[in-house]
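Heads up, the thing below is written out as structure tokens.
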Amino acid sequence: MDANDIRGMTALELGKAIRDRTISSPEATRVFLDASLADANRGADGVNAYISIDEEGAMAAAADVQRRIDAGDVLSPIAGVPTAVKDNICVNGGVTTAASKMLEHFSPPYNATVIDKLKEAGAVILGKTNMDEFAMGGSTETSYFGVTANPWDRTRVSGGSSGGSAAAVAAGFAPYAIGSDTGGSIRQPCAFCNLTGVKPTYGSVSRFGLMAYASSLDQIGSIARDARDCAVALSVLSGPDEKDSTSVIDKPLRLCGAIHGEGAAEGLKGLKIGLPQNCLEEGLADDVRARVSEASDTLRALGAEVESFTLPLIEYAVPAYYIIACAEAGSNLSRYDGVKYGFRSDAARDMDDIFYRSRSEGFGTEVKRRIMLGSFVLSSGYFDAYYKKALQVRGMIKETFDEAFQRYDMVLSPVSPTVSYAIGGQIADPLAMYLADIYTVSVNLIGAPAVALPCGAGEGGLPVGMQFIGKAFDEETLLTAATVYQDATDHHRRRPPLKTSIKTTQRKRETDAI
Amino acid sequence: MKIDDRLIEYIAELSKLKLTPDEKERRKADLNDILGYMDKLNELDTTGRPEMTHPFEANNRFREDRVTNGDRRAEMLDNAPAAEGDYFKVFKTVED
């Protein structure tokens, strides 16, 4: 089998080829490692999807999984299939940096629960992917290790914060990848890179070993080329965990239907979809609006009942989200004090100096900005006006969704107001960056699941994404609907153009000058 | 809400961050921008509304207090910026 054929397969296809002995796990792993390493060696001309690639570890893991498969162990449908993991998820043995100078040399003494689960399922981890520093950003431009380019157009951003995971899959450096989503960090890069991604219900995937950004919003999920791959990866990742007290014990996700396409013959007959009209009005680019409208027609043609409605309070989601996320971030990141692990400034001369200098030199601009916002909204005198108010609004937003879900099985909306934009184009205006999260943050505030998937080409042939938002623990409806849509359409099969000569773009951190 | 010099210094102190004069000006400007936008929430009457701190009603789940992790002392000390023997090393914190 040709390397390009292998790089073009979905995770499930590759898993089947490995089970059928068409290819071995070490052979497949070699193909993806070669592609990933070749890109890494291109330096500033590459995609820069990875922060670290574990060639030796991946080959050893592949050989080990192959031995187990040969011995007849049935591990999972994706046993032997390589994957890439966002660098805020702890993997014992290498470094996990959260794309921060603060953790440049941090070597986790333990695995995140999802890593143990992936290994049990026979996954082979190729490396750790680039991201916005501590997952704070929507373009992977705040990474200490430089921006990740979009494989569709290397002068543009891959999205974020899981931009490295999305770029790795889009460029064929990994068949699927693991990301995290606090306010859209899986869905928006999927929209920018023509991929499918799932932000699971809060509590369905353990957060143990995920470096905390905003604990009541963070959730780990999967990024892949189609909904079936997302579903199978999620079936591996999800489940209760004693080490995460917020992981839900009594609500196992049912995903078989989505993976096997059960009931797909009936199409989407009887599925009630709500389309919030006010999410398609001002502020949304014409190409995105057109593609989402066309997708709603396609869903209707597949048997779904699509009804327009007004989803109130959407315009309050961004301010409520950033107050809550920053408050939690400020508290979570107080652990980085230059004492037990992480960066310590050489210039420090006393204990207080260690705290101040290590944090000031170790964190990037966006992280400092959010910590400061968090400190402010939690400070005495402003707590009620900002933090308490935001929590109350969060409850009101939850009510509007609860009401919508009494009438609809799922809600359809855009993911991002625009297609991917130029590297360096928006990063100097933090408020504009925050406002671009308008369609994604509500999902995290209410804890609901959402699936982002491609719905066509926008300006310049760049990918446009849409999302299905569902009831808590009803990933199955979303992923099954996505599978039916993808079986009937080709948008998700579009691949970025192969480039031989690449325009050099800057690979320094975009925020350093701001 | 207006973030002035005094307030930005106070926020930096709460955040344990030292700002350069240039950074101070930039953060003052963008925090004013962002907080100005957040004031939009004041359009909503939230009187008597409950505060939603967590996506779902959750009860504390307790587990048995038993040690499950092995001895990782060496690995953890390896991550320390400074260590001596079995200890993290910092500057003296008490007066003579």
Looking only at region A:1-57, and only at residues there that are part of a loop (DSSP other than H, G, I, E, B) and hydroxyl-bearing (Ser, Thr, Tyr), the one that is surrounded by the fewest Cβ atoms within 10 Å (Cβ to Cβ): A:Thr22
Residue in region A:301-313 that is under 30 Å from A:Lys272 (Cβ atoms) and in a helix (DSSP H, G or I) present: yes
Residue satisfying condition, being at the interface with chain A (Cβ under 7 Å from one of its Cβ atoms), at pLDDT 95 or above and within 27 Å of A:Gly374 (Cβ to Cβ), within set B:Glu51, B:Glu43: B:Glu51
Some residue of region A:373-393 being touching a residue at least 12 places away in the same chain (Cβ under 8 Å), part of a helix (DSSP H, G or I), among the acidic types (Asp, Glu) and more than 7 Å from chain B (Cβ to nearest Cβ): no
Region A:280-293: number of residues that are surrounded by fewer than 21 Cβ atoms within 10 Å (Cβ to Cβ) and in a helix (DSSP H, G or I): 5
Flag for B:Asp96 being over 27 Å from A:Gln219 (Cα atoms), of a type outside the set (Phe, Trp, Tyr) and loosely packed, with under 10 Cβ neighbours inside 10 Å: yes
Hits in region A:198-257 - residues which are β-branched (Val, Ile, Thr), at pLDDT 95 or above and either assigned to a loop (DSSP other than H, G, I, E, B) or within 15 Å of the chain's Cα centre (by Cα) (or both): A:Val198, A:Thr201, A:Val205, A:Ile220, A:Ile223
Lone qualifier among A:Gly93, A:Gly80 - being at pLDDT 95 or above, in contact with a Gly (Cβ under 8 Å, 6 or more places away or on another chain) and of a type in the set (Gly, Ala, Ser): A:Gly80
Verdict on A:Lys398 being facing chain B (nearest Cβ under 7 Å) and crowded, with 22+ Cβ neighbours inside 10 Å: no
Output for region A:331-364, where each listed residue is small (Gly, Ala, Ser), surrounded by fewer than 23 Cβ atoms within 10 Å (Cβ to Cβ) and in a helix (DSSP H, G or I): A:Ser331, A:Ser334, A:Ser360, A:Gly362
Pick from region B:55-91, criterion at pLDDT below 90 and either within 8 Å of another protein chain (Cβ to nearest Cβ) or touching a Pro at 6+ places or on another chain (Cβ under 7 Å) (or both), ranking: nearest to A:Asn444 (Cα to Cα): B:Pro55
Region A:357-372, subset touching a helix residue (DSSP H, G or I) at 6+ places or on another chain (Cβ under 9 Å) and facing chain B (nearest Cβ under 7 Å), residue nearest to A:Leu431 (Cα to Cα): A:Arg369
Count of region A:448-470 residues which are within 12 Å of another protein chain (Cβ to nearest Cβ) and surrounded by fewer than 24 Cβ atoms within 10 Å (Cβ to Cβ): 0
Some residue of region A:151-160 being farther than 20 Å from A:Leu217 by Cα, modelled with pLDDT of 95 or more, within 17 Å of the chain's Cα centre (by Cα) and among the hydroxyl-bearing types (Ser, Thr, Tyr): yes
Selection within region A:77-134 - among the polar types (S, T, N, Q) and not in a strand (DSSP E or B): A:Asn88, A:Asn92, A:Thr96, A:Thr97, A:Ser100, A:Ser107, A:Asn111, A:Thr113, A:Asn130
Verdict on A:Tyr316 being facing chain B (nearest Cβ under 10 Å), hydroxyl-bearing (Ser, Thr, Tyr) and not in a helix (DSSP H, G or I): no
Exclusive hit being touching a strand residue (DSSP E or B) at 6+ places or on another chain (Cβ under 9 Å), closer than 27 Å to A:Val292 by Cβ and surrounded by 24 or more Cβ atoms within 10 Å (Cβ to Cβ), set A:Ala174, A:Ala166: A:Ala166
Residues within region A:426-447 that are surrounded by 21 or more Cβ atoms within 10 Å (Cβ to Cβ) and more than 14 Å from A:Val415 (Cα to Cα), tallied: 5
Region A:68-93 - residue that is surrounded by fewer than 19 Cβ atoms within 10 Å (Cβ to Cβ) and under 30 Å from A:Gly364 (Cα atoms) and, of those, farthest from the other protein chains (Cβ to nearest Cβ): A:Gly93
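The values are calculated or read from the model by the stated rules, or taken from the named source; none is laboratory data. Only a predicted model underlies this, so the values are computations on that prediction, with no experimental measurement involved. Counting neighbours? That spans all protein chains shown, and the Cβs are built from the backbone with ideal geometry, glycine included.
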